[in-house]
Amino acid sequence: MPPLFDLILDCNGVLNTERVEAADADAAWRAGLMLHLGTLKGVVQLDEVDQPQGNPPASGS
């Protein structure tokens, strides 16, 4: 599975993130610029600890 990256976006003064898969940080920047031209402020690669580990167990009531 390719690494995960969070795109940091400035939407009218509010910071949001969007998660993308990319081969490397440069590819994540390019994808972010194509998707969010003018609002992309940063790209952060998720560590292995931050990577999702499949579906979380369902919580029953």
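The values are calculated or read from the model by the stated rules, or taken from the named source; none is laboratory data. Since the model is a prediction, treat every value here as computed from it, not as a measurement. Quick reminder, even Gly has a Cβ in these numbers, built from the backbone with ideal geometry, and neighbours come from all protein chains shown. All accessible areas refer to the heavy atoms of the entire protein, side chains included, with ligands and DNA or RNA removed. Shrake-Rupley method; radii C 1.70, N 1.55, O 1.52, S 1.80 Å.
Condition (residue is modelled with pLDDT of 95 or more and open to solvent by less than 80 Å² (accessible area, probe 1.4 Å)) applied to the range 46-58: is it met by at least one residue? I'd like the intermediate steps shown before the answer.
Of the range 46-58, the ones modelled with pLDDT of 95 or more are none.
No, the range 46-58 has no match at all.
If Asp6 satisfies all but one of (1) acidic (Asp, Glu); (2) modelled with pLDDT of 95 or more; (3) assigned to a loop (DSSP other than H, G, I, E, B), what's the number of the condition it fails?
(3)
Hey, could you check the range 9-29 for residues that are in a strand (DSSP E or B) and under 11 Å from the mean Cα position of the chain (by Cα) and say which is surrounded by the most Cβ atoms within 10 Å (Cβ to Cβ)? Full working, then the answer.
From the range 9-29, those in a strand (DSSP E or B) are 9-11, 14-21; that's our starting set.
From what is left, the residues that are under 11 Å from the mean Cα position of the chain (by Cα) are 9, 16-21.
Details: Leu9: 18, Asn16: 13, Thr17: 11, Glu18: 14, Arg19: 10, Val20: 16, Glu21: 12.
Top of the filtered list is Leu9.
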